[in-house]
Amino acid sequence: MGFFSLTQELAIDLGTANTLIIYNGKVVVDEPSIVALDVHTGKVMAIGQQARQMHERTNPNIKTIRPLKDGVIADFSATELMLRGLIKKVRTTSSMFAPSLCMVICIPSGSTNVEIRAVRDSAEHAGGRDIYMIFEPMAAALGAGLDVEAPEGNMVIDIGGGTSEIACISLGGIVCSESINVAGDVFTADIQNYVRQQHNIRIGERTAEDIKCAIGAAVSELDEEPEDYVITGPNMLTALPQTVTLSYNEIAYALEKSLVKLDAALMKVLEAMPPELYADIVKNGIYLAGGGALIKGLDKRLSNKCGLPVHIAEDPLRAIARGTGIAMKNRDKFSFLMRGI
Ligand SMILES: Nc1ncnc2c1ncn2[C@@H]1O[C@H](COP(=O)(O)OP(=O)(O)OP(=O)(O)O)[C@@H](O)[C@H]1O
Ligand SMILES: [Mg+2]
């Protein structure tokens, strides 16, 4: 390879919450999917972490955009600007002859043709020449270290920011799956609503997300209890500052109505599953990936609901990107990679 290699191969996990890029088997970009734009000129002011710092703190001259919603592109031009900016971070370190870009990008399994086309167009506009797609649950399974091409049932649940995807995979294909829009963003909104209704305090999306990451729980009794979380915000009636201490049980209560939907989707996939594959899952268990897998006690909750073992994939926030990287490296072998439409 080396000097004369004129293609650069990137594996991209374009997520609602985070975008990761893998190059040469290493994560080279791991940033929140946010761009900050100058309202008057439309120029990019910041991308990723820097833009997240500005999120919900802007003045009328700046706007921050999360270009993906529910796992799919909601703002086409902002997605393109974001991808372009993130890819540039990788490109500056490479050779002076801009090599042509080959990309594998993961997409939600419930994507429509129009949505797939949008990802493809965005990637092309951002400089991609050869573009492949992989379904997220497939990438999650690869990232969790499962043998997706074996004649055996493998089951993964990827809980991201915008979508939760539950899929059973065998022989390199998805046998049955469910994709629901109940994921990290909904959990964050649940916490925001709970704090407003229960404690009369207004909090922003970022604070709610911090609460979720610190004490977000899926069951009301945990073996290892996290410390209570203290927040201060304006009282809704008086606008005076008010401080409350939140416990993880309260958050489990706030998340309950969304978690029930996740339970139901899981049961639906299990019901639709052919019995031979079901028997494999009983043996192998279910793998959890995506940021939502870090909600405390979620593995225990799901395991209790369905009576099957549930494991958390190693480094769940990066498992999908890792799997996309594996797909990129073996792209001649994997027939399930799509060349787009
Ligand atoms: N420790 C944690 N506890 C609970 N939730 C967490 C934790 N860490 C991250 N998250 C949540 O995980 C979500 C991000 O996960 P991930 O990066 O897998 O999503 P994504 O791939 O960007 O989204 P999608 O796959 O839906 O497009 C965010 O909603 C974030 O708040
Ligand atoms: Mg994801």
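Values quoted throughout were computed directly from the atomic coordinates according to the rules given, and no laboratory measurement underlies them. Note that this is a predicted model, so its numbers are computed, not measured. Every residue, glycine as well, gets a Cβ built from its backbone with ideal geometry; the counts of neighbours run over all protein chains shown.
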Task: Largest-first principal axis extents, alpha carbons of the stretch 1-148, Å - done: 48, 39, 26
Task: Charge dipole magnitude, Cβ of K and R +1, D and E -1 - the stretch 184-254, Cα centre, debye nearest 20 - done: 520
Task: Contour minus Cα-Cα distance for Ser247 and Arg117 (0.36 nm per residue) - done: 42.4 nm
Task: Equivalent ellipsoid semi-axes - Cα gyration tensor, the stretch 285-341, angstrom - done: 29, 13, 9
Open item on the list: Debye calculation, C-alpha points only, no solvent: report log10 I(q)/I(0) for the chain at q = 0.14 Å⁻¹, in the same order as the q values.
Closed with: -1.14
TODO: Among Asn113, Leu14, Ile131, pick out the residue whose Cα is farthest towards the positive end of the charge dipole of the chain, where Lys and Arg carry +1 and Asp and Glu carry -1 on C-beta, about the Cα centre.
DONE: Ile131
- [ ] Please compute the Cα-Cα pair-distance distribution of the stretch 256-302 with 5 Å bins starting at 0, giving whole percents from short to long.
- [x] 5, 17, 26, 26, 16, 9, 1
TODO: Project the alpha carbons of the stretch 184-254 onto their principal axes and report the range along each, largest first, in whole Å.
DONE: 38, 22, 17
Open item on the list: I'd like to know which of Ile65, Ile203, Ile180 lies farthest towards the positive end of the charge dipole of the chain, counting +1 on Cβ of Lys and Arg and -1 on Cβ of Asp and Glu.
Closed with: Ile65
TODO: Please get the size of the charge dipole for the stretch 199-292, origin at its Cα centre, with Cβ charges of +1 on Lys and Arg and -1 on Asp and Glu, quoted in debye to the nearest 20.
DONE: 460
- [ ] Multiply the residue separation of Asp75 and Asp263 by 0.36 nm, subtract the distance between their alpha-carbon atoms, and state the gained length in nm to one decimal.
- [x] 64.6 nm
Task: Helical mean residue ellipticity (222 nm; -39500 (n - 2.57) per DSSP H run of 4+; nearest 500) of the chain - done: -12000 deg cm²/dmol
- [ ] Assuming R0 = 45 Å, can you tell me the calculated FRET efficiency for the pair Asp130 and Asn193, based on Cβ-Cβ distance, to the nearest 0.05?
- [x] 0.50
Task: GluC sites (Glu not before Pro) restricted to the stretch 213-304 and DSSP loop, no more than 15 other C-beta within 10 Å - done: Glu221, Glu224, Glu227
Task: Geometric extent, Cα atoms of the stretch 184-341 - Rg, Dmax (angstrom) - done: 19.3, 63
TODO: Could you work out, for the stretch 31-71, what percent of all Cα-Cα pairs fall into each 5 Å distance bin, beginning at 0 Å and stopping at the bin that holds the largest distance?
DONE: 6, 28, 34, 21, 9, 2
Task: Length gained when the stretch Gln53-Asn24 is fully extended (0.36 nm per residue, less Cα-Cα span) - done: 7.5 nm
Task: In the stretch 66-157, chymotrypsin sites (Phe, Trp or Tyr not before Pro) in a DSSP loop with at most 11 other beta-carbon atoms within 10 Å - done: Phe97
Task: Cα centre as origin, Lys/Arg/Asp/Glu Cβ charges: the chain dipole, Debye - done: 1120
Task: Förster radius 56 Å - calculated FRET efficiency between Thr7 and Glu225 (Cβ-Cβ, nearest 0.05) - done: 0.65
Open item on the list: Beyond a 23 Å Cα-Cα separation, which of these cross-linked pairs lie in this structure: Lys212/Lys261; Lys268/Lys329; Lys257/Lys296; Lys26/Lys283; Lys296/Lys329?
Closed with: Lys268/Lys329; Lys26/Lys283; Lys296/Lys329
